[in-house]
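Novice: Questions regarding the structure given below will be posed in turn.
The values are calculated or read from the model by the stated rules, or taken from the named source; none is laboratory data. Please read all numbers here as calculations on a predicted model, not as lab measurements. Methodologically, a virtual Cβ is constructed for each residue, glycine included, from the backbone with ideal geometry; neighbour enumeration extends over all protein chains shown.
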Amino acid sequence: MRSDQVIVDWAAEDEHDQALHLLLLGHTNCQTDSQLLVEKFSRQLQLQGLHPGWCLVVRTARQLAGVLLALPTPGSTVSVLLNSTWTDQNIAEAMQQGLHLILQRANHQQLTLIQALVTADDRPGELLLQQAGFTYLAELQYMACDVPATISLPPCPQDDCRIINYDEAHRAIMAEALQQTYIDSQDCPGLTELRSIDEVIQTHQATGIFDPALWWVVCHDTQPVAVLLLTQVPEQPQLEVVYIGVTPAYRRRGWCNWLMHHALAITYQRQGRQLLLAVDARNLAARRIYERLGFQLTDTRHAWTRSLRHQRLVHELLTSNS
């Protein structure tokens, strides 16, 4: 390889550790502490049934200079992680080629959606995604709350409601409830039309360690009121709010506050120390509730998406009309 040559290719098996070091830490020095972090990341992927097989690396004559890790998940979705420690234009072009290779593979496998998260100050990463046809979705604020030893549950906003614990027999109820909570939602509204409801449920089930005992639908008579989905964080004394939503007719009645108290109580019962969540920064009402409960900001990321289904439909339409 010439000293100025840059190549993008699928990572060899023996390059995965080095690639993960670059992705997670910004360097390829495989020291003890950093190796432990990489091993922890790999274990968490395995516990969720994921494998870093879609890993692309950008090589120069001297080193690995870039990484693109794509993680296909249930629900026909691909999540992309990338490092942005590069500044060289040749490396930027190689990263762009790598992203297109991932798009091609995802399209070939008839996947629906590709999404990427980058840090809020990652201008090179955002420019890369924008040039590859991604659309900015939202600023996600990651929050955590230390679970108190005593939790006083507020009164249920409506006494004659019933809480249904999820199982496959209640899948239709869950699907209807989710769809109704999406109406005029302030939490990543751009996602609403990008996946089918079955794909949404599959994606939620693939987050963390799925336990149907941690999924609930609240109903009043036959009408869905709200949804709360929690999951266990792999190898951590933490639960995570995968999704919380209230249907339009029952908003501003205290349901979100009541459900979040319920989530904290369940976390405590399961010997969890923290409850985690992510919220769209534009969802000011939800953020105020979380902050009153003691949630604190831990990280901020920008979410980008590209609809592969829409791309295929446009291609089919153009082909049929040609």
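Novice: Report whether or not ILE209 is β-branched (Val, Ile, Thr) and at pLDDT 95 or above.
Specialist: Values: β-branched (Val, Ile, Thr): yes; at pLDDT 95 or above: no.
The answer is no for ILE209.
Novice: Now a separate question. Do you know which of the residues in the stretch 289-322 that are out of contact with any strand residue (DSSP E or B) (no Cβ under 7 Å at 6 or more places or on another chain), surrounded by 11 or more Cβ atoms within 10 Å (Cβ to Cβ) and at pLDDT 95 or above is nearest to CYS145 (Cα to Cα)?
Specialist: GLU291
Novice: Additional query: Working carefully through the options TYR268, TYR290, find the one that is more than 19 Å from TRP215 (Cα to Cα), in the same structural domain as ARG195 (by TED's automatic domain parsing) and among the hydroxyl-bearing types (Ser, Thr, Tyr).
Specialist: Working: TYR268 fails: more than 19 Å from TRP215 (Cα to Cα).
Only one candidate qualifies: TYR290.
Novice: Could you list, in sequence order, all residues of the stretch 252-272 that are surrounded by fewer than 17 Cβ atoms within 10 Å (Cβ to Cβ) and either among the basic types (Lys, Arg) or under 21 Å from the mean Cα position of the chain (by Cα) (or both)?
Specialist: Hits for the stretch 252-272 are ARG252, ARG253, ARG270.
Novice: I'd like the residue in the stretch 197-222 that is hydroxyl-bearing (Ser, Thr, Tyr) and either buried (at least 22 other Cβ atoms within 10 Å of the Cβ) or touching a residue at least 24 places away in the same chain (Cβ under 8 Å) (or both) and, out of all such residues, is nearest to ARG171 (Cα to Cα).
Specialist: Per the criteria, the residue is THR203.
Novice: Go through (1) more than 15 Å from GLN179 (Cα to Cα); (2) surrounded by fewer than 19 Cβ atoms within 10 Å (Cβ to Cβ); (3) in contact with a strand residue (DSSP E or B) (Cβ under 7 Å, 6 or more places away or on another chain) and name the single condition GLY190 misses.
Specialist: The one condition GLY190 does not meet is (1).
Novice: Separate question: Based on this model, can you work out whether VAL225 counts as out of contact with any helix residue (DSSP H, G or I) (no Cβ under 6 Å at 6 or more places or on another chain), hydrophobic (A, V, I, L, M, F, W, C), assigned to a strand (DSSP E or B) and crowded, with 16+ Cβ neighbours inside 10 Å? Walk me through it before giving the result.
Specialist: Working: out of contact with any helix residue (DSSP H, G or I) (no Cβ under 6 Å at 6 or more places or on another chain): no; hydrophobic (A, V, I, L, M, F, W, C): yes; assigned to a strand (DSSP E or B): yes; crowded, with 16+ Cβ neighbours inside 10 Å: yes.
Considered against the rule, which asks whether it is out of contact with any helix residue (DSSP H, G or I) (no Cβ under 6 Å at 6 or more places or on another chain), hydrophobic (A, V, I, L, M, F, W, C), assigned to a strand (DSSP E or B) and crowded, with 16+ Cβ neighbours inside 10 Å, VAL225 comes out as no.
Novice: Scan the stretch 227-249 residue by residue and report those that are in contact (Cβ under 8 Å) with a residue 40 or more places away in the chain and over 21 Å from the mean Cα position of the chain (by Cα).
Specialist: Result: THR247, PRO248.
Novice: Let me ask another. Does LEU153 fit the bill of being modelled with pLDDT under 90, touching a Phe, Trp or Tyr at 6+ places or on another chain (Cβ under 9 Å) and either over 19 Å from VAL58 (Cβ atoms) or of a type in the set (Ser, Thr, Tyr) (or both)? Write out each step before concluding.
Specialist: On the way: modelled with pLDDT under 90: yes; touching a Phe, Trp or Tyr at 6+ places or on another chain (Cβ under 9 Å): yes; either over 19 Å from VAL58 (Cβ atoms) or of a type in the set (Ser, Thr, Tyr) (or both): yes.
So LEU153 passes the test.
Novice: Can you tell which of LEU56, LEU24 is in contact with a Phe, Trp or Tyr (Cβ under 9 Å, 6 or more places away or on another chain), in the same structural domain as LEU117 (by TED's automatic domain parsing), in a helix (DSSP H, G or I) and at pLDDT 80 or above? So that I can check it myself, show each step before the final result.
Specialist: Working: LEU56 fails: in a helix (DSSP H, G or I).
Of LEU56, LEU24, the one residue that is in contact with a Phe, Trp or Tyr (Cβ under 9 Å, 6 or more places away or on another chain), in the same structural domain as LEU117 (by TED's automatic domain parsing), in a helix (DSSP H, G or I) and at pLDDT 80 or above is LEU24.
Novice: Hey, another quick one. Restricting attention to the stretch 93-123, report how many residues are closer than 27 Å to ASP198 by Cβ and in a helix (DSSP H, G or I).
Specialist: At the first step, the residues of the stretch 93-123 found to be closer than 27 Å to ASP198 by Cβ are 102-117.
Those still in the list that are in a helix (DSSP H, G or I) too: 102-108.
Selection size over the stretch 93-123: 7.
Novice: Within the set of pairs 6+ apart or on separate chains, which have a first residue in the stretch 116-137 that is under 12 Å from LEU81 (Cα atoms) and assigned by TED's automatic domain parsing to the domain that holds VAL80, a second that is part of a loop (DSSP other than H, G, I, E, B) and not aromatic (Phe, Trp, Tyr), and C-beta atoms under 6 Å apart?
Specialist: From the stretch 116-137, the pairs are GLY125/SER84.
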